[in-house]
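Student: My questions will all concern the structure given below.
The values are calculated or read from the model by the stated rules, or taken from the named source; none is laboratory data. The model shown is predicted, which means the values in this text are computed figures rather than measured ones. In this analysis, Cβ positions are derived from the backbone assuming ideal geometry, glycine residues included, and neighbour counts consider all displayed protein chains. These area figures cover heavy atoms from the full protein model, side chains too; ligands, DNA and RNA do not enter into them. Shrake-Rupley method; radii C 1.70, N 1.55, O 1.52, S 1.80 Å.
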Amino acid sequence: MNETLRRALLRARLSEEDVAARLQVDPKTVRRWLEGRVPYLRHRWALAGLLDADEADLWPEVRAERAARSRPAEIKAIYPHRHAVPREVWLSLFGSAVREIGILACSGLFLAKDTEILDALAGRARAGVRIRVCLGDPDGPIVGGGGEDADLAMAAEIRDALDLYGQLRDEGGVEIRLHRAVLYNCIFRADDQLLVSQHAYGILDARAPLLHLCSADGGDMVTTYLESFERIWAGAQPLA
């Protein structure tokens, strides 16, 4: 039974026959709606208008269908900020790579400081996975909107990250470059799967929302971010 629809009819003081007459359908059709069948779109709209209700409230199936339509298939998850991403997600992301791993960030120090993640990256490198790390140039202009002190702190953070990521080069197949781009997002790649941090002006990277994306037929979100990665990588300077 569609209890929500039944209660809405009671509140409106409408019987099955009243609804049938106003919508010009058979009373048996209204009864089937009350028993759980979802009406055709024109009948949903008419009945929702008659009851002064949202069709998604009367038929939860419609709400689920709306959500499925409004969320691209490439979006696997959305996190409100970096700390909301479980550590296991990062490990699973990099551990799943069979062809390539890419890290594009200002410093990416939060990953480099995690010895288990660094070990996972080293393990992928030993397995023949290409790893590319592209960080901000600590000697270049750092645009963060935080002032001189913040820029100096970021430069120091980048150097710390370079020391840690630099250990990976002993494994072979690991390239590190320095960029001077103004990043609109950080991109963490494992083959066709990405975690993308969406930057907001004046807000710390750790507080920026993240998208977890997976390549899907007919989608172009992953392709767009990969193209962005490649453009920045092409203009970055190899670490000496």
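Student: How much of the DSSP beta bridge set in the range 86-213 is antiparallel, as a percent to the nearest 5? Please list the in-between numbers first.
Tutor: Working: 14 of 25 bridges.
Beta bridges within the range 86-213, antiparallel portion: roughly 55 percent.
Student: Leaving out ligands and nucleic acids, and using a 1.4 Å probe, what accessible area per residue does the chain come to in Å²?
Tutor: On the way: 13320 Å² over 240 residues.
Accessible area per residue: 56 Å².
Student: Something else: As I understand it, the value is the acute angle between the Cα axis of helix 60-70 and the longest principal axis of the Cα atoms of the chain; what does it come to in degrees, rounded to 10?
Tutor: Between the helix axis and the principal axis of the chain, the angle is about 40 degrees.
Student: If Lys and Arg each add +1 and Asp and Glu each add -1, what is the summed charge of the other residues whose beta carbon sits under 11 Å from the beta carbon of VAL222? The partial results should precede the final answer.
Tutor: Values: positive: LYS76, ARG189; negative: GLU74, ASP191, ASP192, ASP220, GLU227.
Net of charged neighbours comes to -3.
Student: Counting only protein heavy atoms and a 1.4 Å probe, tell me what percentage of the range 118-240's accessible area is made up of carbon and sulfur.
Tutor: 49
Student: Would you kindly work out the equivalent ellipsoid of the chain from its C-alpha gyration tensor and give its semi-axes, the square roots of five times the eigenvalues, largest first in whole Å? Let's see the in-between values first.
Tutor: Details: eigenvalues 578, 73, 41 Å².
The equivalent ellipsoid of the chain has semi-axes of 54, 19, 14 Å.
Student: For helix 148-166, what angle does its Cα long axis make with the longest principal axis of the chain, in degrees from 0 to 90 and rounded to 10?
Tutor: That works out to roughly 80 degrees.
Student: Helix-only mean residue ellipticity at 222 nm, the chain, DSSP H runs n ≥ 4 weighted -39,500 (n - 2.57), per residue, nearest 500. What is it? Walk me through the numbers before you get to the answer.
Tutor: Working: 11 runs with 110 residues, N = 240.
So the helix-based figure for the chain works out to -13500 deg cm²/dmol.
Student: Still on this structure, please answer the following. Helix 115-126 versus the longest principal axis of the chain: what is the Cα-based angle in degrees, 0 to 90, to the nearest 10?
Tutor: Roughly 80 degrees between the two axes.
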